[in-house]
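Written below as structure tokens is the structure these notes are about.
What follows is calculated from the coordinates using simple rules that are stated; it is not laboratory data. Keep in mind the model is a prediction, meaning the values are calculated, not measured. A quick note on method: Cβ atoms are made from the backbone with ideal geometry, for glycine too, and the neighbour counts reach across all protein chains shown.
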Amino acid sequence: MWYIYILKCSDESYYTGITNDVAARLDKHNSGKGAKYTRSRRPCEVVYIEECESEIAARRREREIKKLRREQKEDLVRQFPASALKNLLRVSG
């Protein structure tokens, strides 16, 4: 299973990525070994996760989300239930 995730960084910006282990990827971002974008914007928190069946599908969806305006990303985050976030982080980590 692959996941698309959105992080909210310490400067209130959003970062979108894909992984097959969200918890491990979050740890990498917060340790400074993740994406260059997040290194100076730590700590980051996962605010949205979406499941995909394949890496190809995840990359396609990641591109779609990255093209969204900030307001549209905020809508995705607002509609995503916090309980689902906790469950998905437990499953992937």
Which of the residues that make up segment 18-71 are basic (Lys, Arg), over 13 Å from the mean Cα position of the chain (by Cα) and either farther than 17 Å from Lys8 by Cβ or part of a loop (DSSP other than H, G, I, E, B) (or both)? Lys33, Lys36, Arg41, Arg42, Arg60, Lys67, Arg69
Any residue at all in segment 23-43 that is touching a residue at least 40 places away in the same chain (Cβ under 8 Å) and surrounded by fewer than 19 Cβ atoms within 10 Å (Cβ to Cβ)? yes
From the residues in segment 12-53 that are touching a helix residue (DSSP H, G or I) at 6+ places or on another chain (Cβ under 6 Å) and of a type in the set (A, V, I, L, M, F, W, C), which one is nearest to Arg70 (Cα to Cα)? Val47
Taking the condition of a type in the set (Val, Ile, Thr) and in contact with a Leu (Cβ under 8 Å, 6 or more places away or on another chain), does Val22 pass? yes
Take the conditions of a type outside the set (A, V, I, L, M, F, W, C), farther than 19 Å from Ala82 by Cα and in contact (Cβ under 8 Å) with a residue 60 or more places away in the chain and apply them to Asn20. Does it pass? yes
